[in-house]
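The values are calculated or read from the model by the stated rules, or taken from the named source; none is laboratory data. The shown structure was predicted, so the numbers you read here are calculated from the model rather than taken from an experiment. Counting neighbours? That spans all protein chains shown, and the Cβs are built from the backbone with ideal geometry, glycine included.
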Amino acid sequence: MDKVDVNSHFQKPVDIWLDVDRVVSSIDYEEVYTFVTITNGEFGEVKKFFVRSWVINPNHSNPFTRHYIDDLYSYDTLKSTSRKDRTNILKFIQQSM
């Protein structure tokens, strides 16, 4: 986590669009990091990722709208990832929050 905290990209506030007309700043909400490790069973390769998100509406009855997810990042490079299984990883994390 220290590696993420010192990176200037993650210290900048971002605009979060709640809908077409409403935008809020990320500095007004609790930031949450979720770390995921995926092991390729065939080769034993370990990949580490994390998702940065904010708790926007914790009292809402639909749990899938509780967090605004920024993106999936590689823990090794701290850059956004475009892996082919990105959607599945994000979906898994969203359902687990």
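Whether any residue in the stretch 64-73 is modelled with pLDDT of 75 or more, crowded, with 17+ Cβ neighbours inside 10 Å, out of contact with any helix residue (DSSP H, G or I) (no Cβ under 7 Å at 6 or more places or on another chain) and under 12 Å from Val36 (Cβ atoms) is what I want to check.
Checked the stretch 64-73: at least one residue is modelled with pLDDT of 75 or more, crowded, with 17+ Cβ neighbours inside 10 Å, out of contact with any helix residue (DSSP H, G or I) (no Cβ under 7 Å at 6 or more places or on another chain) and under 12 Å from Val36 (Cβ atoms).
One residue is enough: does the stretch 41-53 have a residue meeting the conditions in contact with a His (Cβ under 7 Å, 6 or more places away or on another chain) and at pLDDT below 75? If you could, list the steps in order and put the result at the bottom.
Step one: list which residues in the stretch 41-53 are in contact with a His (Cβ under 7 Å, 6 or more places away or on another chain), which gives 53.
From what's left, at pLDDT below 75: none.
Within the stretch 41-53, not a single residue is in contact with a His (Cβ under 7 Å, 6 or more places away or on another chain) and at pLDDT below 75.
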